[in-house]
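Single-structure report; data block below.
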Amino acid sequence: MNIQGKVHYVGVNDRVKHRFEGLWLLPQGVSYNSYLIDDEKVALIDTVDVAFFTEYLDNIRAVIGDRPIDYLVINHMEPDHSGSIALIRKYYPGVRLVGNKKTFEMVEGFYGVPTGDDLVVAEGDSLPLGHHRLRFHLVPMLHWPETMVSYDETEHILFSGDAFGCFGALNGNVVDEQMDTAPYWPEMERYYAAILGKFSPMVKRALAKLGGLQIDMICSTHGPVWKKEVARAVGVYDRMSRGVTEPGVVVCYGSMYGNTQRVAEAVAAGAAEAGLRKVIVHNLSVSQPSFVLADIFRYSGLAIGGPTYNGGLFPVVEDLLRRLAGREVSGHKLAYFGGFTWASAACKTVAHYNEQMKMDLVADPVEWKQGAGAATLDAARAMGRRLAEAVLSAD
Ligand code: FEO
């Protein structure tokens, strides 16, 4: 599929995989994007998951027929993009791999592909292809150590790797101006929260580094090619990397027999009473983590709670806290609650995680023994009000 001039899309859709990275649900699938520049020299940019190699090879041959590929540019080594490197080299034995020093350690480590006549590039190096000329910028830890982007100086196209990507397979068209992009924006936020949420400082650094470039098109490795919506796509990454939030409270809880659920409902009711329109409640035994994380990244208030369980915190609640402790969410307002039957541990565990999350605790925790009675529910409602007031007064 032609993208612009000599640049073609040769990627594939994955509508089979249930969880990306074995973790994150894919209700709308995902695309593995790869691009072919059919110039005097032929350059392939990134590959696809090896499970799709036959289709991928057909896509390549539909563009270049029997011509050889001169270069395979490797922006990122996670196997959803690097998985076909060994087979590309088998089918195109003359191809030169292009990557940075860290890339080639991984090429050998993952695939046993010996480094040979390869091209090791450093920051700012460029590669002439004929009409096009690619320039390479290293963006380490976005989100692996070897990550880099390739900038086409001729057509001002940024081949950005995972950056500016999103979940969601492509439905017929590839370029944003030819499709309804509405389903992809929430999937971009969910992708960021799940995959890049730990690396916001590196995203900020990368955005600063790329900020001076004229970018007319972004070709990422997942989701649509951004042409009409370049500024919006960059804006989403910019906003999320800076931790910019909207007024709202996300109430997250786990509950075995309904007591914690009643407390969570009271917190939500209190937040709504205070005049907050955006109140979202997640039962963590039901809601999937990437959707919960995306909501937490979007809204500025978090209320979280669960029962004590086996001398600690109810596992699904602790799982969310563990994920948050590894992400950049420190600007949030926090309130928490927890119950116990004979020995209290839930609230202490939330407090422990907040030493890493560094959220701003805006109310005393609500803790109760055994059944959540009227006094507990009143306290939870008051805590919800207090949290909403803190959120509203901060924004
Ligand atoms: Fe899409 Fe980090 O791989």
Assess whether residue 155 counts as being more than 16 Å from the ligand (Cβ to nearest atom) and charged (D, E, K, R). yes
I need a count of the residues in the range 226-238 that are open to solvent by less than 60 Å² (accessible area, probe 1.4 Å) and either in a helix (DSSP H, G or I) or of a type in the set (D, E, K, R) (or both). 8
Which residue is nearest to the ligand (Cβ to nearest atom), if the candidates are limited to the range 61-105 and must be hydrophobic (A, V, I, L, M, F, W, C) and assigned to a loop (DSSP other than H, G, I, E, B)? 77
Positions within the range 91-100 being more than 21 Å from residue 52 (Cβ to Cβ), at pLDDT 95 or above and either β-branched (Val, Ile, Thr) or open to solvent by 70 Å² or more (accessible area, probe 1.4 Å) (or both), in sequence order: 98
Between a first residue in the range 271-291 that is at positive phi and a second residue that is buried (at least 16 other Cβ atoms within 10 Å of the Cβ) and aromatic (Phe, Trp, Tyr), which pairs have beta carbons less than 6 Å apart while being 6 or more apart in sequence or on different chains? none
Cβ-Cβ below 8 Å, separation at least six or inter-chain, first residue in the range 1-17 and farther than 15 Å from residue 225 by Cα and in contact (Cβ under 8 Å) with a residue 12 or more places away in the chain, second of a type in the set (Phe, Trp, Tyr) and open to solvent by less than 40 Å² (accessible area, probe 1.4 Å): which pairs? 14/32; 14/52
Would you confirm whether any residue within the range 166-181 is of a type in the set (S, T, N, Q), buried (at least 19 other Cβ atoms within 10 Å of the Cβ) and within 16 Å of the ligand (Cβ to nearest atom)? no
From the set of residues in the range 196-214 that are open to solvent by 40 Å² or more (accessible area, probe 1.4 Å) and not in a helix (DSSP H, G or I), which is nearest to the ligand (Cβ to nearest atom)? 211
Against the definition (modelled with pLDDT of 95 or more and in contact with a Pro (Cβ under 8 Å, 6 or more places away or on another chain)), how does residue 146 come out, yes or no? yes
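Let's see how each residue does on (1) in contact with a helix residue (DSSP H, G or I) (Cβ under 7 Å, 6 or more places away or on another chain); (2) open to solvent by 20 Å² or more (accessible area, probe 1.4 Å):
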residue	(1), (2)
345	no, no
351	no, yes
354	no, yes
357	yes, no
360	no, yes
372	yes, no
378	no, yes
384	yes, no
393	no, yes
Pairs needed: first member in the range 145-171, of a type in the set (Gly, Ala, Ser); second member anywhere, within 12 Å of the ligand (Cβ to nearest atom) and open to solvent by 10 Å² or more (accessible area, probe 1.4 Å); C-beta distance under 6 Å; at least 6 residues apart or different chains. 163/142
Selected residue (criterion: most open to solvent (accessible area, probe 1.4 Å)) from residues of the range 115-139 that are touching a helix residue (DSSP H, G or I) at 6+ places or on another chain (Cβ under 7 Å) and in a loop (DSSP other than H, G, I, E, B): 115
Is it true that residue 88 is touching a His at 6+ places or on another chain (Cβ under 9 Å), closer than 21 Å to residue 32 by Cβ, of a type in the set (Val, Ile, Thr) and surrounded by 19 or more Cβ atoms within 10 Å (Cβ to Cβ)? no
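The values are calculated or read from the model by the stated rules, or taken from the named source; none is laboratory data. All of these numbers come straight from a predicted model, not from anything done at the bench. No Cβ is skipped: glycine too gets one built from the backbone with ideal geometry, and neighbour counts run over all protein chains shown. Keep in mind that these areas ignore ligands, DNA and RNA; they rest on the heavy atoms of the full protein, side chains included. Shrake-Rupley method; radii C 1.70, N 1.55, O 1.52, S 1.80 Å.
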